[in-house]
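As structure tokens, the structure follows; a few thoughts come after it.
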Amino acid sequence: MLDHGRELTTTATSLRVVDVINRLDGARMSEIAAELDLANSTVHGHLTTLRNHELLVKEGNEFHLGIKFFHLGEQARQRKSEYGIVRRHAHELSNQLNEEVAFAITEHGRSVIIFDENNDAAKEGFQVGRYFYMHNSASGKAMLAEWSRERVDRVIDRWGLPEETENTIGSREELYAELERTRERGYAINRQEALEGLMAIGTAITNPDGSVLGSLDVSGPPYRLSEEQLVPELRETVSRIETEIASQ
């Protein structure tokens, strides 16, 4: 969650520059300045600093994110040995079910996919790094169901309950009720709440101390996913993951 300590304005502006370049998929200095309502000279200084530290590259008149971000991201998603255990089991489950299996963790109140296993080579890993709100994704709801009401409230206070489809949960009361149902049945369901035509079933993965490591979900078109078929396999996989983690 937000740290309310002292924030350095210069650093924050540089990070906003990076966010704009990422959102626009490359941008000229004048475009960045207009987006951030800053002088070109100010933006030039931030761009120069970021380039000198190999975080940006310039192609013609456009600035793009440097491949260093990929290197840093790879380090982030490999930093825990538990993640490697999850990925191996997720790959096996994907092959077994012939469906997409993703492993997500939570950072700063959102769910982010760090491994996306799919036996379709054309689609492999296409969701890696993608952020989802927690109230309308199976991975997010699976993790929220393991948290206290106070922690769930902090997530809602920061991100709200954005309505991305007509099926998205739109109130705290509705979300609390859904999280209670999730606890009772032991898994979360995304009923086309984040993307039309996409259903997902997710289960939280817990550490030996009871804290949440992340969540594993299986996703696909609603007509193809069967709770009766998928849930036992998903639960068994999560059980094996937790057992292996505990034995480390």
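The values are calculated or read from the model by the stated rules, or taken from the named source; none is laboratory data. Source: prediction; values computed, not measured. When we count neighbours, we look across all protein chains shown, and the Cβ atoms used for this are built from the backbone with ideal geometry, even at glycine. Side chains are part of the model used for accessible areas, which takes the heavy atoms of the whole protein and leaves out ligands, DNA and RNA. Shrake-Rupley method; radii C 1.70, N 1.55, O 1.52, S 1.80 Å.
General remarks:
- For the stretch 137-186, filtering for residues that are among the hydroxyl-bearing types (Ser, Thr, Tyr) and open to solvent by less than 30 Å² (accessible area, probe 1.4 Å) leaves 5.
- Residues in the stretch 209-235 that are part of a helix (DSSP H, G or I) and of a type in the set (Lys, Arg): ARG235 alone.
- In the stretch 189-213, residue farthest from the chain's Cα centre (by Cα) [restricted to those that are open to solvent by 10 Å² or more (accessible area, probe 1.4 Å) and of a type in the set (Val, Ile, Thr)]: THR206
- Checking each residue in the stretch 53-79 for being outside any helix (DSSP H, G or I) and open to solvent by less than 70 Å² (accessible area, probe 1.4 Å) picks out LEU55, LEU56, VAL57, GLY60, GLU62, PHE63, HIS64, LEU65, GLY66.
- Qualifying positions in the stretch 203-229 - of a type in the set (A, V, I, L, M, F, W, C) and out of contact with any Phe, Trp or Tyr (no Cβ under 9 Å at 6 or more places or on another chain): VAL218, LEU225
- Qualifying positions in the stretch 86-99 - in a helix (DSSP H, G or I), open to solvent by 10 Å² or more (accessible area, probe 1.4 Å) and in contact (Cβ under 8 Å) with a residue 24 or more places away in the chain: ARG87, HIS89, HIS91, GLU92, ASN95, GLN96, LEU97
- Test: residue in the stretch 115-136 that is closer than 19 Å to MET199 by Cα, surrounded by 14 or more Cβ atoms within 10 Å (Cβ to Cβ), in contact (Cβ under 8 Å) with a residue 60 or more places away in the chain and within 12 Å of the chain's Cα centre (by Cα): yes
- Among residues of the stretch 161-175, those that are in contact with a helix residue (DSSP H, G or I) (Cβ under 7 Å, 6 or more places away or on another chain) and assigned to a helix (DSSP H, G or I), counted: 1
- ILE169 meets each of the listed conditions (1) over 21 Å from the mean Cα position of the chain (by Cα); (2) over 21 Å from LEU97 (Cα atoms); (3) touching a residue at least 24 places away in the same chain (Cβ under 8 Å) apart from (1).
- Selection from the stretch 23-41 of residues that are in a helix (DSSP H, G or I), open to solvent by less than 60 Å² (accessible area, probe 1.4 Å) and touching a residue at least 12 places away in the same chain (Cβ under 8 Å): MET29, ILE32, LEU36
- If the condition is being closer than 12 Å to GLU107 by Cα, in contact with a helix residue (DSSP H, G or I) (Cβ under 8 Å, 6 or more places away or on another chain) and outside any helix (DSSP H, G or I), then the stretch 125-160 contributes GLY129, PHE132, TYR133, MET134.
This table checks each residue for (1) within 25 Å of GLU174 (Cβ to Cβ); (2) touching a Ser or Thr at 6+ places or on another chain (Cβ under 8 Å).
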site: ILE67; (1), (2): no, no
site: SER81; (1), (2): no, no
site: ALA90; (1), (2): no, yes
site: ASN98; (1), (2): no, no
site: THR106; (1), (2): yes, no
site: SER111; (1), (2): yes, yes
site: GLY129; (1), (2): no, no
site: ASN136; (1), (2): yes, yes
